[in-house]
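Data first, discussion second: the structure below is written as C-alpha cells.
Values quoted throughout were computed directly from the atomic coordinates according to the rules given, and no laboratory measurement underlies them. For clarity, every value in this text was computed on a predicted model and none was experimentally measured. So basically every Cβ, Gly included, is an ideal-geometry build from the backbone, and we count neighbours across all protein chains shown.
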Amino acid sequence: MSEQTVIINGQSVAFNEGDTILSAADRLGVRIPTLCHDPRLKPAGACRTCLVEIKNRPKLAPACATALLPGMEIVTESDRVNRHIQTLLALYLTDHETNGSSAEFGKDGNELLQMAREYEAPLDWPSMENIRQGRPADVNPYVAFQPEKCISCARCTRYCEEVESVSAITMAERGSRTTVFTADGRSLMDTTCELCGGCMDTC
C-alpha cells in the first residue's frame, strides 16, 4: 500500500489512520495554537484557537479534532486564520483581567495572555462583567478555583474524568455562566476528589 500523505503549509507529511492535523503539524515542527488541548486527553475542539484552512472546504476546521484524509491540503497561517485568532482572543479577554497593555502583559504564565500578546490581539474591546460562579464556601486548603481566569476549556474536568476516572468536578451552567463546579457546589473535600493535582497540572 502506498504511503498516505497530506500537505501542510506546502510541506508533504505522511500520516497514520487516526492522526489529526495537529499531530501531523507537530511532527513537521509547525506550531498551531491551542488552549484546550492536552495530549493526555481526547480532542475536544472547545477553544477554537486551532482552526485552520483546508482546501475546498468553506469553513475553518479545528486542527486538534480533525482526522487526516489522503490528499488534504492544509494552511495553518493566513490572513483569514490570523484574523480569526485575534478576534477569538479578544473575545476571551473581554471578561478576563489583562492589566491593560503594560510591558508585563502575558508574562505571568497565563497561556491566554501569552497567546494574546503573541498574536497581537486587540486589548481595547469593552470589558464584560465576569459572572462565572466560584466556590467561595470551599474550605479545602489545597485547590483554589479562580473563576475570573477560567475560559471553560474543560481541560480540568476532562482530566478528572478521562485520566483519573473520578469526575469530582464538572462543567455547570450555560453560556457566559459556564463554570467548573462540584455536585451541589460542595467543597472538594466532600467529593470523590483524590487531591491528585491533575486539574491544576493541566490548567
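For region 5-77, a crude dipole built from +1 on the beta carbon of Lys and Arg and -1 on the beta carbon of Asp and Glu, taken about the Cα centre, is about 180 debye to the nearest 20. Think of it as helices only: each DSSP H run of n ≥ 4 in the chain is worth -39500 (n - 2.57), and spread over all residues that comes to -6000 deg cm²/dmol at 222 nm.
By the count of other C-beta atoms within 10 Å, a proxy for reagent exposure, Arg158, Arg27, Arg117 are ordered fewest to most as Arg27, Arg117, Arg158. Here the Karplus relation 6.51 cos²θ - 1.76 cosθ + 1.60, evaluated at θ = phi - 60°, turns the backbone of region 136-141 into coupling constants of x, 8, 6, 9, 5, x Hz, with x for every Gly and Pro.
Converting phi to 3J(HN,Hα) with the Karplus coefficients 6.51, -1.76 and 1.60 and the offset θ = phi - 60°, region 155-162 yields 4, 5, 5, 5, 4, 4, 7, 7 Hz in sequence order, with x at every glycine or proline. Geometric descriptor of region 5-77, per residue, is 83 Å³ (volume of the convex hull of the Cα atoms). Measuring from centroid to centroid over Cα atoms, what is the spacing of region 44-62 and region 3-33 in Å? After rounding, the separation between the Cα centres reads 14 Å. Test of understanding: extend the Cα→C-beta vector of Arg40 to 7 Å, then name every residue of region 136-156 with backbone N under 13 Å from that spot. Within reach of a label on Arg40: 155-156. When the alpha carbon gyration tensor of region 147-202 is reduced to an equivalent ellipsoid, the three semi-axes, largest first, read 18, 13, 10 Å. Once the gyration tensor of the Cα atoms in the chain is diagonalised, the equivalent ellipsoid follows with semi-axes of 33, 23, 13 Å, ordered largest first.
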